[in-house]
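Engineer: Before anything else, here's the structure in question.
The values are calculated or read from the model by the stated rules, or taken from the named source; none is laboratory data. The model shown is predicted, which means the values in this text are computed figures rather than measured ones. Here the Cβ positions follow ideal geometry from the backbone for every residue, glycine too, while neighbour counts run over all protein chains shown. Only protein heavy atoms, including side chains, enter the accessible area calculation; ligands, DNA and RNA are left aside. Shrake-Rupley method; radii C 1.70, N 1.55, O 1.52, S 1.80 Å.
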Amino acid sequence: MGRKVSYDEKIEIVKWVLKHNHDYKQAAQKFDITYSRAYAWTQKYEPANDWTALKDRRGKTRGRQPADREEQLLKEIRDLKAKLREREVQIAFSKKLIEISNREVKRPNDIKRFKK
């Protein structure tokens with residue numbers, strides 16, 4: 001397990017690697033990181049020349065918004081159907097609880113069974 005490296009440090013490391021002709025081993029020693037981390041960050045940056053590729057986005061959702069009005073309406077319909085289904089389940093559950101709590105013993109012989 002290596003040390004924590006900030007986004008700015010990653011940029012600095014990748015710049016150094018590119019400036020020194022992809023010398024990952026030397027970068028690993030200089031910046032106290034592993035060879036594979038220096039290599040991976042450089043490989044992430046190089047294809048698009050985009051520094052945002054070095055950001056750690058683990059655990060974050062994209063939060064994509066629906067593109068057009070039709071997608072927005074379909075998403076709203078799905079959400080409303082889910083809410084309706086949840087309410088139906090809650091109502092059915094509460095009815096079942098009421099039914100169970102209101103049950104009465106019909107025959108006297110059954111009372112003995114419940115008193116045990």
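Engineer: For the range 20-38, give me the residue count where each residue is without any contact (Cβ under 8 Å) to a residue 12 or more places away in the chain and of a type in the set (Gly, Ala, Ser).
Structural biologist: 2
Engineer: Restricting attention to the range 39-64, report how many residues are open to solvent by less than 70 Å² (accessible area, probe 1.4 Å), in a helix (DSSP H, G or I) and free of Cβ contacts under 8 Å to residues at least 12 places away in the same chain.
Structural biologist: Residues meeting the conditions: 2.
Engineer: Quick one: is ALA67 assigned to a loop (DSSP other than H, G, I, E, B), at pLDDT below 90, of a type in the set (A, V, I, L, M, F, W, C) and more than 30 Å from ARG3 (Cα to Cα)?
Structural biologist: Yes: the conditions hold for ALA67.
Engineer: Name the residue that is most open to solvent (accessible area, probe 1.4 Å), counting only residues in the range 6-38 that are over 18 Å from ASP50 (Cβ atoms) and of a type in the set (Val, Ile, Thr).
Structural biologist: So, considering only residues that are over 18 Å from ASP50 (Cβ atoms) and of a type in the set (Val, Ile, Thr), the one most open to solvent (accessible area, probe 1.4 Å) is THR34.
Residue-wise test of (1) at pLDDT 80 or above; (2) of a type outside the set (Lys, Arg); (3) under 28 Å from the mean Cα position of the chain (by Cα).
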| residue | (1), (2), (3) |
| --- | --- |
| SER6 | yes, yes, yes |
| ASN21 | yes, yes, no |
| THR42 | yes, yes, yes |
| ALA82 | yes, yes, yes |
| GLU99 | yes, yes, no |
| ASP110 | no, yes, no |
